[in-house]
Amino acid sequence: MSFAEEALQAVRKTLTEVLAGRPAPIFDFVDPRFKEHCGLFVTLKKHGELRGCIGLVRGIEPLSQAIGEMAVAAATHDPRFSPVRLNELPDIDIEISVLTPMSKVTDVSEIKIGRDGLMLQYRGHSGLLLPQVPIEWNWDVEEFLENLCHKAGLTPGSHLQPGATLLKFSADIFSENRHSSV
């Protein structure tokens, strides 16, 4: 079984158990990547629409621990949504993004749509958009940056302000795609 398959199965099993009111299962992961400390996001989509997304920007714990925690957080603690119910799970697609370390963007010409995710930090605000987001919304770099500023609760162009920090990263992204839209 591949790393992606093992991760996706772990997330689905964890959500099934926790949303049914049972303890989260403990897994004996085979792939050594689960020992790595990486940023990680778990995204849940229902009928192609976002239903929850929570993650860790940086690896503060092994993926083996973080993956279940982020799955439960995405389903039950994303403040944009009501908690996912067990009866919704059959309609939910799981997507996992394992992040690379971040590096500072010195010029927006460095940003490549489809490769880079972005994080903006400015005046106590921060926002992050995963690499797949501008593809899903058909954004160019300018729209990507505008929406990143919005996500951070800032005005468009805030990434250009003195003191603003713009970071880029890439991600290994895998999804169940059980309910692909046609």
Q) Which ordering of D78, D91, D28 is given by a fewest-first count of other beta-carbon atoms within 10 Å? A) D28, D91, D78
Q) Cα atoms only, the chain: Rg and Dmax in Å? A) 16.7, 49
Q) Based on the Cβ-Cβ distance from H77 to R115, what FRET efficiency comes out when R0 is 25 Å, to the nearest 0.05? A) 0.30
Q: Any lysines with Cα under 19 Å of the K46 Cα? List them, leaving off those in the same chain fewer than 8 positions away.
A: K13
Q | Candidate aspartates and glutamates - alpha carbon under 12 Å from K168, same-chain residues fewer than 8 apart omitted | A | D107, E110, D116
Q) Could you put I67, I92 in order, starting from the residue whose Cβ has the fewest other Cβ atoms within 10 Å? A) I92, I67
Q) Relative to the first principal axis of the alpha-carbon coordinates of the chain, what is the inclination of helix 3-19, with its axis defined by its Cα atoms, in degrees from 0 to 90 and to the nearest 10? A) 70
Q: Would you work out the relative contact order for the stretch 103-169, in percent, from Cα pairs under 8 angstrom that are 6 or more residues apart?
A: 43
Q) Which of the residue pairs K45/K151; K45/K112; K112/K151; K35/K151 have a Cα-Cα distance greater than 29 Å in the structure shown? A) K35/K151
Q. Please identify the trypsin sites (Lys or Arg not before Pro) of the stretch 102-181 that satisfy two criteria: DSSP loop assignment and at most 13 other Cβ atoms within 10 Å. Which are they?
A. K112, R115, R123, R178
**Q.** In degrees, nearest ten, helix 63-76 long axis to first principal axis of the chain (Cα)
**A.** 90
Q. Helix-derived [θ] at 222 nm for the chain: sum -39500 (n - 2.57) over DSSP H runs of at least 4, divide by residue count, nearest 500?
A. -8000 deg cm²/dmol
(Q) In Å, what Kirkwood hydrodynamic radius results for the stretch 3-99 from the alpha-carbon pair distances? (A) 13.2
**Q.** Sum of side-chain charges, L128 neighbourhood, beta-carbon under 13 Å (Lys, Arg +1; Asp, Glu -1)
**A.** +2
Q: Alpha carbons only, please: Rg and Dmax for the stretch 103-169, in angstrom.
A: 10.5, 30
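We did not get these values from a lab; they are worked out from the coordinates using the rules stated. Please read all numbers here as calculations on a predicted model, not as lab measurements. Every residue, glycine among them, receives a Cβ derived from its backbone with ideal geometry; neighbour counts consider all protein chains shown.
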